[in-house]
Amino acid sequence: PLGLEVDLNLFHPQNDSTIYNSAQNVPNNSNFQIGGHGNQTTIVDQNGRSLSPSALLSKAKENDYKQGEPIELLSCNTGKGESNYAQQLADECNCEVYAPDDFVWYYPSGNTVVAPYENAQPSQSPAPDLNNQGSMNVFK
């Protein structure tokens, strides 16, 4: 094993193949990493179904999550604002949860960046605004 890929990949392997494959290349760290689509109030599974924090924790346990292990949400905006999804998950698992306060951009190499959308013209592909990067925040 190369020590790559998120521990739980919730992107659809066909419908979201570019992001799914990029998430397969995310370098591992000491956190249990979860990649998927989300926002301040939810994360969705590969079929677009919303997962409550307890449902996500159950899915994580099915994928070798160990109770108390820190969780890293590589999922857009899950750490933004008050009473966000990350805080709800931290309360549920009684562990540290790291989550972004803006959009997560995946690169084919597996690198990620937290940043808002750059003001792109409709004819252009979306791109991150690297001059105004967000951050991964910790919730306990």
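Listing for the model above:
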| item | result |
| --- | --- |
| Tally, over segment 38-54, of residues that are closer than 25 Å to residue 21 by Cβ and more than 15 Å from the chain's Cα centre (by Cα) | 2 |
| Residue satisfying all of: in segment 15-37; open to solvent by less than 70 Å² (accessible area, probe 1.4 Å) and among the polar types (S, T, N, Q); nearest to the chain's Cα centre (by Cα) among these | 33 |
| Pairs where the first residue, in segment 9-30, is among the hydroxyl-bearing types (Ser, Thr, Tyr) and the second is loosely packed, with under 15 Cβ neighbours inside 10 Å, C-beta under 9 Å, 6+ apart | 18/108; 20/13; 20/14; 22/107; 22/108; 22/109; 22/111 |
| Given (1) surrounded by fewer than 17 Cβ atoms within 10 Å (Cβ to Cβ); (2) at pLDDT 95 or above, index of the condition residue 2 fails | (2) |
| Any hit, segment 110-127, residues being open to solvent by less than 60 Å² (accessible area, probe 1.4 Å), modelled with pLDDT under 95, closer than 22 Å to residue 21 by Cβ and within 16 Å of the chain's Cα centre (by Cα) | yes |
| Single match in 98, 65 (criterion: touching a helix residue (DSSP H, G or I) at 6+ places or on another chain (Cβ under 8 Å), part of a loop (DSSP other than H, G, I, E, B) and within 20 Å of residue 7 (Cα to Cα)) | 65 |
| Residue among 72, 92, 82 that alone is acidic (Asp, Glu) and assigned to a strand (DSSP E or B) | 72 |
| Residue among 127, 99, 86 that is of a type outside the set (S, T, N, Q) and without any contact (Cβ under 8 Å) to a residue 24 or more places away in the chain | 127 |
| Segment 57-79: number of residues that are open to solvent by 50 Å² or more (accessible area, probe 1.4 Å) and under 21 Å from residue 16 (Cβ atoms) | 3 |
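The values are calculated or read from the model by the stated rules, or taken from the named source; none is laboratory data. Quantities reported herein were computed from a predicted structural model and do not represent experimental measurements. Note that each Cβ is placed from the backbone with ideal geometry, even for glycine, and that neighbours are counted across all protein chains shown. Only protein heavy atoms, including side chains, enter the accessible area calculation; ligands, DNA and RNA are left aside. Shrake-Rupley method; radii C 1.70, N 1.55, O 1.52, S 1.80 Å.
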